[in-house]
1. Step through the residues of segment A:86-102 one at a time and calculate ³J(HN,Hα) from phi using the Karplus curve (6.51 cos²θ - 1.76 cosθ + 1.60, θ = phi - 60°), rounding each to whole Hz and writing x for Gly and Pro.
2. Where does the longest stretch of chain B lie that holds no GluC sites (Glu not before Pro) found in a DSSP loop with 14 or fewer other Cβ atoms within 10 Å?
3. Can you work out the FRET efficiency for the pair residue A:73 and residue A:101, with r the C-beta to C-beta distance and R0 = 22 Å, to the nearest 0.05?
4. By its C-alpha gyration tensor, with a ≥ b ≥ c as the square roots of the eigenvalues, how is segment A:103-300 shaped: rounded for a/c under 1.5, else prolate for a/b larger than b/c, else oblate?
5. For the pair residue A:167 and residue B:86, what calculated FRET efficiency results from E = 1/(1 + (r/R0)^6), where r is the Cβ-Cβ distance and R0 = 22 Å, to the nearest 0.05?
6. What ³J(HN,Hα) values, in whole Hz, does the Karplus curve 6.51 cos²θ - 1.76 cosθ + 1.60 give for segment B:413-423 when θ = phi - 60°, with x put for Gly and Pro?
7. Using a probe radius of 1.4 Å on protein heavy atoms only, what is the accessible area buried between chains A and B, both sides summed, to the nearest 100 Å²?
8. What do you get for the angle between helix B:173-185 and the principal long axis of chain B? Use alpha-carbon atoms, 0 to 90 degrees, nearest ten.
Amino acid sequence: MADKTQASAVDAGLSATHGSQTPAAGGRTPSAAGSEPARRKAKPNYRQAIEAGIFIAPALALFAFFVVWPMIKAVQFSLYRWKGFGPLVDFVGLDNYIRVLQNDVFIGSLTHNLIIIVASIAIQLPLGLLIALLLNRKMWGRAALRTIVFVPYVLAEVIVGVIWFQMLQPNYGAIAVVLDAVGIQGPPQGFLGTVELALPTLMVVLTWKFLGFAIILFLAGLQGVPEELHEAAQIDGASWWQTQVKITIPLIGPTLRTWAFLSMVGSLQLFDMVWILTKGGPANATTTMVTFLINEGTKRSNYGIASAASVVLFIIALVFALVYQRFVLRRDNPDIEPQRKKVTR
Amino acid sequence: MRNTKTMRFLAAAAAISMLATACSGGSDEENTNADGDTVITWWHNSNTGSGKDYYDQIAADFEAANEGVEVKVEALQHEDMTTKLEAAFQSGEMPDIYMERGGGELADHVEAGLTRDLTEDAAGTIAKLGGNVGGWTVDDRVYSLPFSIGVVGFWYNKALFEQAGIESAPTTMAELNDAVQKLKDAGIEPISVGAGDKWPAAHYWYYFALRQCSQDVLQSAVVSLDFQDECFVKAGESLEDLVATEPFNAGFLQTPAQSGPTSASGLLATDKVAMELAGHWEPGVMQGLTEDEQGLGEDTGWFPFPAVEGGAGDPAAQLGGGDAWAVAQDAPDVAVDFVEYLLSDEVQKGFAELDMGLPTNPTASQYVADPALADLLAVRDASPFIQLYFDTSFGTSVGGAMNDEIALVFAGQSSAQGIVDATQAAADLEK
């Protein structure tokens, strides 16, 4: 009985949310498509097409120059053995790709990236959701708390890295001093200098840095959940927890999925924090694909191998994005089509 | 109205595309200015204090002595300079006078036709510099003139050594191990090493190779890129032995070389460790890392890398390197004159007096005031040969692979054989 009411409440909620706005949830409002059909009926207007072309051209030129062209060059470099200067002459075919894919350090880097993706979502999703739900309740000092939670995300990544690096120093770092004061012996080589602890420590810092972003997105999603649903559920006798689990969380699903997507892409391209905290060490325990290609490129001048690694990274990120779009984010989009039909009348 | 807007956009688009071409295209007229003077550009890394003023003065003096010449000086912070140089090599738009570290890097630049052969044009200066130009010689041709060459050794804190009851600086590995033990007993961390940056850790292996391998083996390995001689494995074993005594600072695997108070140099400068293996730059770095800008001050001591028992290498041979002025291939001839002027007796004298480096012009050695640096200079001048840092010598590709593997040995994740194998594998790709 209670289930049935809740289910209908959810349905009502769905249509309600799509009627209102769901910020950052990828839920497109149909209004944008509203005036299109009238225009489509008119005969093709070349003048307008040219005008549009002129408007788009500068952006397109910049995009081609700064995005497409470098990508083409990267693919070209990846087929040569090249030190970064002089002519491209030493064509090696797919040799660089074989080298990258057979390289233990690269495979290690890829593994670290995957661990970071999984760990980021596994830690930040529940934690972020919990804090967002708490901060969504009416309470004293809510605005201040929201600000505090978001501060780490606003700080520049490099600054956060430097601060944590100094805090994590063995013997002289703030954390070692505090641990020492309460009689706990930290790891002798420090958290970042111990092979087994470096990656978990990195995860802690990443969580500290990026949790605020998850929370702010989730809070935005929560604004779209109408108050009436909570009231209806309360009248039906649902507890606060039941309301959250059965109503709120499903309703902010699009936000959660979009956040997870951003988190994944960010984890795949992770560089700054790792470079400042560990440079990929100790003993390659925290390398990521980007630190690998920086090391090969700028440190060893193996630009061919670095380019091949960057192409591999690009393909992996692309596949991730496409698969995620196809199987996960698609759940949030299919209702666009029927709605558009409705609008065309 | 509408037309003018369209026109504006067309103009903007045209402007953007022209800008793009302007960025990629070079100009050949960069070597003359509006007055018709010959302009030479000079990039250096003495970008602060008296060093910068000194170089500005030198450029002005040269302009005064050579009519119709303008020296355009760009003083850059060291890392900025290397990054900009890297880009300059790639684009081919190079400064006329720039810094070369020699070895494989220089060989690559020579092969790419970027660097000018100075063998004949600066023959007089080259003769004066003598053996110092060795690291900047490719196929018996000299491509740059070194203005500062230093050697790597142990910088130590005299007060902490005294506190631990160490009477004289170690001269053999056994004595070094003994000193390490005494320091530990006194509750002092013995050695700091910036293994996070890898090259400071790699210097240990370089020195062990220098002590284990004969000069012949080393010098032929630099050319043949063949590391099959067993002395290279022995070098790794000596390193493993040293690492096993745990002489290094806590967290050394993540310690940076020179940045901040918790870096290897910072720990030495602030009395936290007793010694560090580093080059001639160390006093300057330590001064920058202490509030009173004194570094270790009067407690600064220096001793050369100890002898290794049973090694085939000459214990007096030193590992080192330095900086040289190179001239771009397409630079005007007056750039060569300027580089020769930079190596002249008077300019090198001022260079030595300001402690800007270790002069290569023999007439200037006497003006180095700092006592620790004077010790180092004496050892440098007495050494049978100075081995250029291997990573510089072999080039970044082989050197990088070698340094990464050496750092793994510090972490206990590779072996003496591992270093040789990784280096050989990278070297084979170069052949």
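The values are calculated or read from the model by the stated rules, or taken from the named source; none is laboratory data. Given the structure is predicted, the values throughout are model-derived calculations rather than measurements. Cβ sites come from the backbone with ideal geometry, for glycine too, and all protein chains shown count toward neighbours. For accessibility, only protein heavy atoms count, side chains too; no ligands or nucleic acids. Shrake-Rupley method; radii C 1.70, N 1.55, O 1.52, S 1.80 Å.
1. Values per residue, Gly and Pro as x: x, x, 7, 10, 8, 6, 10, x, 8, 3, 4, 5, 4, 4, 5, 6, 8 Hz.
2. B:168-290
3. 0.55
4. Prolate, since a/c reaches 1.5 and a/b exceeds b/c.
5. Numbers: r = 33 Å, r/R0 = 1.50.
Efficiency computed from Cβ-Cβ geometry: 0.10.
6. Result, ordered by residue: 10, 9, 9, 4, 5, x, 4, 4, 4, 5, 5 Hz.
7. Details: alone 20590 and 19550 Å², together 37010 Å².
Accessible area lost upon association: around 3100 Å².
8. For helix B:173-185, the angle is close to 80 degrees.
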